[in-house]
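Working notes, beginning with the structure itself.
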Amino acid sequence: MSRVLRPVFRFRSLFSLFLINEAVGEALKNIYGQHSVLRDSPLSLTVGQRVRVEFSHRGSHECEFTVSFTSEDCDFGINVCSTLSQLFDIY
């Protein structure tokens with residue numbers, strides 16, 4: 001039975017989450033391919049139909065993103081987490 005994993009990463013930004021989601025989507029398209037990344041809402045996107053990334057605010061300039069994937073897709077999910085950690089100054 002597969003489990004859903006949801007690691008959460010925090011970062012600071014002065015940009016709106018809408019702009020962040022759009023920029024991250026474009027960066028991930030360059031890495032994983034144009035058709036592998038779908039922005040399915042203004043604050044979330046899906047990579048390879050297996051990994052979902054959701055952005056949210058935690059404070060005035062404090063943001064976070066949650067990466068959701070199943071245990072079967074753990075390797076790909078961790079790869080996406082690693083890629084995102086290179087795009088943001090996470091803490």
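Here, each number is a calculation from the coordinates, and none is a lab measurement. From a predicted model like this one, the values you see are computed outputs, not experimental measurements. Methodologically, a virtual Cβ is constructed for each residue, glycine included, from the backbone with ideal geometry; neighbour enumeration extends over all protein chains shown.
Key figures for this structure:
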| quantity | calculated |
| --- | --- |
| Cα gyration tensor category, rounded, prolate or oblate, for the stretch 1-41 with a/c compared to 1.5 | oblate |
| Helix axis angle, 74-87 relative to the chain longest principal axis, alpha carbon, degrees | 20 |
| Cα-based Kirkwood hydrodynamic radius, the chain, one decimal, Å | 13.1 |
| Charge dipole (debye, nearest 20) of the stretch 19-91; +1 at Cβ of Lys and Arg, -1 at Cβ of Asp and Glu | 120 |
| Amide H contacts under 5 Å for Gly48, placed H, 5+ residues apart | Val37, Leu38 |
| 3J(HN,Hα) from dihedral phi, the stretch 28-43, Karplus parametrisation 6.51/-1.76/1.60, rounded to Hz, x for glycine, proline | 5, 5, 5, 8, 9, x, 4, 8, 8, 10, 10, 7, 8, 7, x, 10 |
| ³J(HN,Hα) computed for each position of the stretch 56-70 - Karplus, 6.51 cos²θ - 1.76 cosθ + 1.60, integer Hz, glycine/proline x | 8, 8, 10, x, 4, 10, 9, 10, 8, 10, 10, 10, 10, 7, 7 |
| Phe18/Ser71 FRET efficiency (R0 22 Å; Cβ-Cβ; nearest 0.05) | 0.10 |
